[in-house]
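The values are calculated or read from the model by the stated rules, or taken from the named source; none is laboratory data. Just so it is clear, the model here is predicted, and its values are computed rather than measured. Don't worry about glycine lacking a Cβ; one is built from the backbone with ideal geometry, like all the others, and counts go over all protein chains shown.
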Amino acid sequence: MELTGKKMLVVGFGKTGFSTTRFLLQHGAVVTLNDIQNRIELPREFVRQGVTVETGAHRIETFVHQDCIVVSPGVSLMQRPIIEARSRGIEVISEIELAFRFLHAPLIAVTGTNGKTTTTALIGSMLQQAGKKVFVGGNIGTPLIEAVMVPESFDYVVAEVSSFQLEAIEQFRPAVSVLLNLTEDHLDRHPTFEDYVQAKAAIFKNQQASDVVVLNYDDPHVRSLAQQVRARVCFFSTTSRLDEGIFYNGQVHLQQRHTPEQTFSLAGARLQGAHNRENMLAAAAVGFACGLPLEIIRTSIVSFQGLPHRMEFVAEVDGIAFYNDSKGTNVGACVRSLESLDPPIILIAGGKDKGGSYQPLRELVAQKVKALIVIGEAQDRIVAELGALVPTVRAESLEAAVAQAFSRACVGDRVLLSPACASFDMFQSYEHRGRCFREAVAKLAGTAQPCTPKT
């Protein structure tokens, strides 16, 4: 892809837009930066290099006078300026598509509703322990475009990718793709669940017979997508013995045609819970696809400590355990978190509603939850769907929610923050929300002051 002198529009100036703009300028493009916000802080280097800035709106006349448009993940493709640009033959791509066109290392891409970040980080750690030079990024935090902006070369590039990013790909083709699971999410962006499924399935649409796709056999939505795949399929399962693939029945078994079965134990693994077992199997499947030795795969999985804000044990205060699952930004994630803890649980949930149903939580809430504390914009919907099942309390802030939970808890109870919602109504990000939760818990113990909420 030749960029010198090309008119490139970057839509959205978050972390992704910043890195994309830097990359395009390095390659001689003429860059216009567009953001719906009324004001953005433009780095001096961009000003010096002549970046044109347009804020406050997406204007059709700007979009239709470009050679190519690169959209950030938060930008909907259904906006009229983008539709009009496409109708005129202007290419509209995501940052991961742009990055892929300049990648030289094999790409491992991970998607799914839940577990993406943990699995991506685990795969990266596994490859690094095998002595490989690895870039880990994408939706996990560092934009994928950063992988092609450094002089060093990588043995592998491992990327978490979202449905938003996959909506605008054309050539994007991982050597190994992973689809972990599919439950309702982002229905405020995708018109239907089927649209969301097909956005995720785009991860393997360009793969060929020489590539590998790792699929969750236990998820019927994921399993059914195997018929769309041209790549070699490797299933993983925690419930079924597979004739071919990776399954768990107390030990991990790798079953491949024409080769002896290989097994190893997960004893001592630091990641806990059924959902993390699936993540570990998926990572193991990738390790085998990359030809890593069995012992490297085993030791990497068992020693991996997990990531912040994902079922993170925070503290025990007066015999009450507090768990931070702020990354549980959808109902499916909250289901998995509730499944991984023994009752009684006091659940703190709520935030910015994402359009899905809270009904999948009903059985677990009725069985395991002692009290439900709701916060944020989604309070009314959560109360309407779950409030009759258990004592339910509204809280005006996360700090107040923690205090309410603590006042209702007894020794041996577990307080779980697993919002089932996005964070942007009250916080800058799920990380910010998780930090505020940790600070609120620390305040209970008399060791810290509360985190400052979003203003």
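Restricting the stretch 34-82 to residues that are within 30 Å of VAL150 (Cβ to Cβ) and touching a Phe, Trp or Tyr at 6+ places or on another chain (Cβ under 6 Å) leaves a set whose member that is modelled with the lowest pLDDT is ILE40. If you go through the stretch 365-380 and pick out every residue that is assigned to a helix (DSSP H, G or I) and either surrounded by 18 or more Cβ atoms within 10 Å (Cβ to Cβ) or at positive phi (or both), you end up with 3. Any residue at all in the stretch 202-211 that's hydroxyl-bearing (Ser, Thr, Tyr), surrounded by fewer than 17 Cβ atoms within 10 Å (Cβ to Cβ), over 14 Å from the mean Cα position of the chain (by Cα) and not in a helix (DSSP H, G or I)? For the stretch 202-211, residues hydroxyl-bearing (Ser, Thr, Tyr), surrounded by fewer than 17 Cβ atoms within 10 Å (Cβ to Cβ), over 14 Å from the mean Cα position of the chain (by Cα) and not in a helix (DSSP H, G or I): present. Checked against the criterion of being under 29 Å from ARG270 (Cα atoms), surrounded by fewer than 19 Cβ atoms within 10 Å (Cβ to Cβ) and not assigned by TED's automatic domain parsing to the domain that holds ASN114, the candidates GLY332, GLY319, GLY328 yield just one match: GLY319. Among the residues of the stretch 403-431, those identified as over 23 Å from LYS354 (Cα atoms), touching a residue at least 60 places away in the same chain (Cβ under 8 Å) and either of a type in the set (Phe, Trp, Tyr) or buried (at least 24 other Cβ atoms within 10 Å of the Cβ) (or both) are PHE406, VAL415. Looking at the stretch 200-217, which of its residues are within 19 Å of GLY138 (Cα to Cα), aliphatic (A, V, I, L, M) and in contact with a Lys or Arg (Cβ under 9 Å, 6 or more places away or on another chain)? Of everything in the stretch 200-217, just one residue is within 19 Å of GLY138 (Cα to Cα), aliphatic (A, V, I, L, M) and in contact with a Lys or Arg (Cβ under 9 Å, 6 or more places away or on another chain), namely VAL213. Applying a threshold of 6 Å to beta carbon distances and a minimum spacing of six or more residues, or different chains, the list of pairs starting in the stretch 281-296 at a residue that is in the same structural domain as ASP219 (by TED's automatic domain parsing) and ending at one that is surrounded by fewer than 20 Cβ atoms within 10 Å (Cβ to Cβ) and part of a helix (DSSP H, G or I) reads ILE296/GLN129.
Looking across the stretch 241-254, the residues that are out of contact with any strand residue (DSSP E or B) (no Cβ under 6 Å at 6 or more places or on another chain) and either surrounded by fewer than 18 Cβ atoms within 10 Å (Cβ to Cβ) or touching a residue at least 60 places away in the same chain (Cβ under 8 Å) (or both) come down to ASP243, ASN249, GLY250. Candidates VAL178, VAL222: the one that is in a strand (DSSP E or B), surrounded by 18 or more Cβ atoms within 10 Å (Cβ to Cβ) and not small (Gly, Ala, Ser) is VAL178. The residues of the stretch 335-357 that are under 18 Å from ALA371 (Cα atoms) and either in contact with a Lys or Arg (Cβ under 7 Å, 6 or more places away or on another chain) or surrounded by fewer than 23 Cβ atoms within 10 Å (Cβ to Cβ) (or both), listed by number, are VAL335, LEU338, GLU339, SER340, LEU341, ASP342, PRO343, PRO344, ILE345, ILE346.
Candidates are the residues of the stretch 83-97 that are over 11 Å from GLN165 (Cβ atoms) and hydrophobic (A, V, I, L, M, F, W, C); the one that is surrounded by the fewest Cβ atoms within 10 Å (Cβ to Cβ) is ILE83.
Residue count for the stretch 382-432 satisfying the condition of being closer than 20 Å to VAL369 by Cβ and assigned to a helix (DSSP H, G or I): 15. The single condition from (1) closer than 24 Å to VAL331 by Cβ; (2) at pLDDT 95 or above; (3) aliphatic (A, V, I, L, M) that ILE169 fails is (1).
Elements of the type helices (runs of 4 or more DSSP H) sitting completely within the stretch 1-100 and holding at least 2 residues that are within 22 Å of the chain's Cα centre (by Cα): these cover 15-26, 95-100.
Kindly indicate whether any position in the stretch 270-282 is assigned to a strand (DSSP E or B) and of a type outside the set (Asp, Glu).
Quick first cut of the stretch 270-282, residues assigned to a strand (DSSP E or B) only: none.
No - not one qualifying residue is present in the stretch 270-282.
The single condition among (1) within 26 Å of LEU107 (Cβ to Cβ); (2) in contact (Cβ under 8 Å) with a residue 40 or more places away in the chain; (3) surrounded by fewer than 21 Cβ atoms within 10 Å (Cβ to Cβ) that THR238 does not satisfy is (1). Here VAL233 meets each of (1) in contact (Cβ under 8 Å) with a residue 24 or more places away in the chain; (2) closer than 20 Å to LYS116 by Cα; (3) not aromatic (Phe, Trp, Tyr) with one exception, condition (1).
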